[in-house]
Amino acid sequence: MIKVSQLLKTVSTADGNLDILCGIDLEIEPGASAAIVGASGSGKSTLLGLLAGMDVPSGGEIWLDGESLKNLDEDQRARLRAEKVGFVFQSFQLLPALTALENVMLPLELAGVNDADKIAKKYLVEVGLGERLSHYPTTLSGGEQQRVAIARAFARQPRILFADEPTGNLDTRTGELIIELLFDLNDRAHTTLVLVTHDERLAARCDRCFAMTAGEIVER
Amino acid sequence: MTSRLSWKLLSREWRSGELSILLLALVMAVSVVVGVSSFVSRLQSALLSESARFLAADMVVVSRTPFSDEWVREAEAQGLATSLGVGFPSMAVADIDHMALVSIKAVSDGYPLRGDLRWSREPYGDVLAEGSVPAVGEVWLAPRLFALLDVALGDRILVGEAGLLVTGAVRAEPDATTAVFGFGPRLLMNVEDIPATGVIQPGSRVEYRLLVGGDREAVSSFTEWVEPLLEQGQRVDSIDGSQPRIGDTLDRAKGFLLLAGSLAVVLASAAITLASRRFGERHTQYVAILKSLGARSWEISRLYGLSLAVLGAIGTILGCVVGWAIQAGFITLLGDLLPVRPGHAGWTPVYIGVVTAAVCMLFFAWPPLRRLGLASPLSVLRTDVGIAESQRPQDYLLGGLSIVGLMWWYNGSAAVTMAVVAGLLVVMVLGFLAARGLLYGGRRVGGFAGSIWRVALSGLQRRGHANALQMVIFAMAIMLMLLLSIVRSSLVVQWQAQLPADAPNHFLLNLAPDEKLVLEDFFEEQGVTVEALYPMTRGRVLSVNAEELPKSGEFEWEGIPRQREANFTWSDSLPEGNLLIEGEWWDADDARASLSLEESFAQDVGAGLGDRLTLRIGAEEFEAEVRSIRRVDWQSMRPNFYVVFPRQVLEQYPGMYMTSFRLLPDQKPVLNQLVSVLPTVTVIELDLVLREMRTVIDQVAGALELVLSVILASGALVLISGVRSSLDARLRESALMRALGARARVVLGTLWIEFLVLGAMAGTLAAAGTEVAAWALQTQVFDMTWSPTIALWWVGPVTGALIIGALGVWSCRRVVNTTPVALLREV
Ligand SMILES: Nc1ncnc2c1ncn2[C@@H]1O[C@H](COP(=O)(O)OP(=O)(O)OP(=O)(O)O)[C@@H](O)[C@H]1O
Ligand SMILES: [Mg+2]
């Protein structure tokens, strides 16, 4: 379960303080899927980063799976991520020194999972990259890198999966394939899905849909 | 997982270059340090035995009375070799018309324990070094004694009541300077013949010498055993005393090598810092990703710590191996020139190498990586969230202090360390000032120039902070390289100047005033050029300002003024090659009672400018005022004097003359004729020593060359890693310029200008720093004279510009060789 209450995020810029999130309240039950839509710059990525514990809010509180992030330090939040959270970044974030396969193995190795390479291989095959296991990120296209990033997030079978525009760089067919994968995971493992998307079809498949405008959120 | 992951990271990261630079720098630092310090410690033991040659032993007990047998037994019980000697002046008689006052030295088998006794069959015949000592019943004579006594090989002479057979000529004794018994020419005989001569009576002026040789511990334990037993008239001579000339050369070489080692460490630490910084910068993003995937700070720290540890261990081992090879190379190079087989270096160099590696890793490689653990995972979302600053001021301070400490510990000389630090500080301070002024003023100049210049200069300015740092590091590297080259070449020049090809190689002493003309005629006839004749009178300094100095006691402590005996001379002008450091020189017609002292002599008797000395020549005492202090170049082969008077003051005292002259090897027989014409003169053959010195110098210079090239390599490494540190930004910018339509020529032109300007500025700074450090080193450490090196001021900037320019453009060559698309995808 994800619960957010009165979440604030303010940053100081050259032109004074900028409120990016102005009091967000949100509750998503376990196993549900939720879409967040909104214009560019409305604060979607910021919210997702906060939910995953990668940043600290200026006010308000977040609970992930019943645990409040408020009293956790950086390392404790990292442990929480390692155990429960998967993240697909808007800009992929693959390690350029590692091959596609090694990138996917990374979170498994960090969690000390045996057979990391078998599991990683399986997920890469599922996203259609079975042939590109030993390729380095710089030699992959944007869409291919996106799929490696998705395989990496899936491989750990997280309780909660955050995805920042997972289909943004993909053609319709591959996009659909990825959407299938996401909901398959949601069905089989009861993974909670939180997706930021501009894709109306994807938003429509989610249980819930939230719209963001200038740091405010409303459910549609 | 961490160890596997760190291994994977290490092996993957290898391609990107920072780690290989880091490892290379570490190997270089460790190998130079290990190589140089083990070579130097082996050299040290060789140097000690070199000075041992001047005693003919490792230590000598000198006594006015015969030794008790117990001492010899004790020395032998400690595993030491011993040899007995007796010295005294006496008469040698050939027949009623031919007799001479000689200085007799009787030695036992085994003499000398160190060094070689050189002798020949004929008076100036081929020199033999092998063979032992005169057999019982035989004597060897100084060459001029043959003429004085009018004897030839196989003749008999009388010493006291013993008739002895002449079987050879003494040419050089290792302890000629320390074992002097009177002024007569040498007569060498066997100690077993002494009782037969019957000349030693109670009260005779005799010096007994017990020569002792063996390994250092045994020698010092015997010294400790014997010292408390010494009575009036007995003393111990050990080898720390007089420094021989070859020792001097090797000593400076040693100083140079240690300096080079320290510079290698400084350069390596700079290269390591740069490489590690860049590694750290590139890994900020990695760490953010790892953290977003759930890695904790300590896991990150362990990951990078472990990687460094692995790298450090590999570097240390490789460094020790290479260092051992370097040292073995030096030893082979110097080979049999070293007086004895160099000893073992032991484990200390390895220990030094390990500490060096640890310091490099801990204080230079680790700080930029340590803070990686603190990187925020947020930077995967936003690129502007880096780690605040990968290194803090205290990191730099700690690094700086540790390197100074390491240098000091390593070269053992505060002066060397301070000289280098002073140069580096000059570079840093000037560097940041210049960076401010020039880089920021650059745009204004660029405004008037062409478009390539404008782009280039604004580029320099935009990265102003990074550029200032880069420039200072370039300047430091160039400075250290220049410094070492300068010191090396001035050492070599000085060594060679000390042995010019046409330098006098013989000294002639004891020429009576009325023989001056005979000598001049003789040399003219033989076609030998001779240096000026110097009057020479033996005299003693008794007191300073009417305060009597203590006589040189049995034990002489450094620094306590005491009476000294010396050769006095007179001169109208400052002797050639001398430097006046205090006071003024007198006019030729000055008749005031004045004198001029050599620096160290003045210190020995405790006199300064304006003091009045009481002196004694023969039985006469007189006073004179110190009017000047001179510095004398003892390395020159000219006659040099401690005490010089105006002509009118000294001329009234009886004295002899001395001079030096040069003989070619095939002119050697001239000496035979010389001693028959002037039988009372003494000739000292320096050519044998000189030849040996020349080979040593050539070889040592070769060794220095080798070390210099290693240092140049470390310097190049720093330059490469410096250029690489700004590579990403430059590549991205250039790729964008090309993507936006700039022609390759323009992009390349801007790069050339940027790097040339950086290099020229760094070179100028380096010249300033080098000048300061070279001054400090040459005057304070190497005892050499300093003069500004004008060439530095153009060599520095020009080489700086060319090297940095070429390296920089070469590193960025991909900008024009690859498509902008490929580049943008990478960076
Ligand atoms: N640390 C920060 N400093 C300054 N501005 C920030 C910071 N973080 C976010 N912003 C601003 O907050 C706004 C929201 O950013 P965010 O990345 O959340 O938008 P987004 O909704 O994900 O947009 P897009 O759909 O384009 O990805 C933007 O205008 C961004 O510039
Ligand atoms: Mg976004």
Check: Would you pick out the residues in segment B:286-300 that are at the interface with chain A (Cβ under 8 Å from one of its Cβ atoms), out of contact with any Pro (no Cβ under 9 Å at 6 or more places or on another chain) and assigned to a helix (DSSP H, G or I)?
Finding: B:Ser297, B:Trp298, B:Glu299
Item checked: Failed item, numbered, when A:Leu18 is tested on (1) within 16 Å of ligand 2 (Cβ to nearest atom); (2) among the hydrophobic types (A, V, I, L, M, F, W, C); (3) away from chain B (no Cβ under 14 Å); (4) more than 13 Å from the chain's Cα centre (by Cα) -> (3)
Next item on the list: Can you tell me which residue within segment A:164-184, out of those that are farther than 20 Å from A:Lys122 by Cα and of a type outside the set (Asp, Glu), is farthest from ligand 1 (Cβ to nearest atom)?
Entry: A:Arg173
Notebook entry, point to check: Looking at A:Ala149, A:Ala214, which is the one that is within 16 Å of ligand 1 (Cβ to nearest atom) and more than 14 Å from chain B (Cβ to nearest Cβ)?
Noted result: A:Ala214
Margin query: Here are the criteria: (1) at pLDDT below 90; (2) within 37 Å of the chain's Cα centre (by Cα). Tell me which single one B:Leu148 does not satisfy.
Written below: (2)
Margin query: If I ask for residues that are within 16 Å of ligand 2 (Cβ to nearest atom) and either closer than 18 Å to A:Val194 by Cβ or crowded, with 24+ Cβ neighbours inside 10 Å (or both), which ones from segment A:130-165 would you list?
Written below: A:Gln146, A:Ala149, A:Phe162, A:Ala163, A:Asp164, A:Glu165
Notebook entry, point to check: Would you pick out the residues in segment B:67-83 that are surrounded by 12 or more Cβ atoms within 10 Å (Cβ to Cβ) and closer than 16 Å to B:Glu227 by Cα?
Noted result: B:Phe67, B:Trp71, B:Val72, B:Glu74, B:Ala75, B:Gln78
Notebook entry, point to check: Out of segment B:787-820, which residues are over 38 Å from the mean Cα position of the chain (by Cα) and outside any helix (DSSP H, G or I)?
Noted result: B:Cys812, B:Arg813, B:Thr818, B:Thr819
Next item on the list: Only residues that are surrounded by fewer than 22 Cβ atoms within 10 Å (Cβ to Cβ) and within 14 Å of another protein chain (Cβ to nearest Cβ): list them for segment A:58-75, please.
Entry: A:Ser58, A:Leu69, A:Leu72, A:Asp73, A:Glu74, A:Asp75
Next item on the list: Please work out which residue is farthest from ligand 2 (Cβ to nearest atom), limiting yourself to segment A:87-129 and to residues that are assigned to a helix (DSSP H, G or I) and within 8 Å of chain B (Cβ to nearest Cβ).
Entry: A:Glu109
Next item on the list: Mind listing whichever residues of segment A:43-86 are assigned to a loop (DSSP other than H, G, I, E, B) and either closer than 20 Å to A:Arg159 by Cα or within 16 Å of ligand 2 (Cβ to nearest atom) (or both)?
Entry: A:Gly43, A:Ala52, A:Gly53, A:Met54, A:Asp55, A:Asp65, A:Gly66, A:Leu69, A:Lys70, A:Leu72
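Per-residue answers, yes or no, for (1) modelled with pLDDT of 65 or more; (2) closer than 23 Å to B:Val718 by Cα; (3) more than 14 Å from chain A (Cβ to nearest Cβ):
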| position | (1), (2), (3) |
| --- | --- |
| B:Ser6 | no, no, no |
| B:Glu13 | yes, yes, no |
| B:Ile21 | yes, yes, yes |
| B:Val27 | yes, yes, yes |
| B:Val34 | yes, yes, yes |
| B:Ser41 | yes, no, yes |
| B:Ser49 | no, no, yes |
| B:Ala52 | no, no, yes |
| B:Leu55 | yes, no, yes |
Item checked: Residue check, A:Leu26 away from ligand 2 (no atom under 16 Å from the Cβ), out of contact with any helix residue (DSSP H, G or I) (no Cβ under 7 Å at 6 or more places or on another chain), of a type outside the set (S, T, N, Q) and under 25 Å from A:His198 (Cβ atoms) -> yes
Check: How many residues does segment A:105-122 hold that are at pLDDT 90 or above and touching a helix residue (DSSP H, G or I) at 6+ places or on another chain (Cβ under 6 Å)?
Finding: 2
Notebook entry, point to check: Under the condition of being under 25 Å from B:Asp95 (Cβ atoms) and modelled with pLDDT under 90, which residue from segment B:164-193 is surrounded by the fewest Cβ atoms within 10 Å (Cβ to Cβ)?
Noted result: B:Phe183
Next item on the list: For segment A:41-73, enumerate the residues that are at pLDDT below 90, within 11 Å of ligand 1 (Cβ to nearest atom) and among the polar types (S, T, N, Q).
Entry: A:Ser45, A:Thr46
Item checked: Residue ID - surrounded by the most Cβ atoms within 10 Å (Cβ to Cβ), chosen from residues in segment A:30-42 that are away from every other protein chain (no Cβ under 14 Å) and within 13 Å of ligand 2 (Cβ to nearest atom) -> A:Ile36
Check: Got a number for residues in segment A:9-40 being within 16 Å of ligand 1 (Cβ to nearest atom), within 23 Å of A:Cys209 (Cβ to Cβ) and in a strand (DSSP E or B)?
Finding: 12
Next item on the list: Go through (1) away from ligand 1 (no atom under 12 Å from the Cβ); (2) surrounded by fewer than 15 Cβ atoms within 10 Å (Cβ to Cβ); (3) closer than 25 Å to B:Leu374 by Cα one by one and return the number of the condition A:Ala78 breaks.
Entry: (2)
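The values are calculated or read from the model by the stated rules, or taken from the named source; none is laboratory data. None of these values were measured; they are calculated from a predicted model. Reconstructed Cβ throughout: ideal geometry from the backbone, glycine too, with neighbour counts over all protein chains shown.
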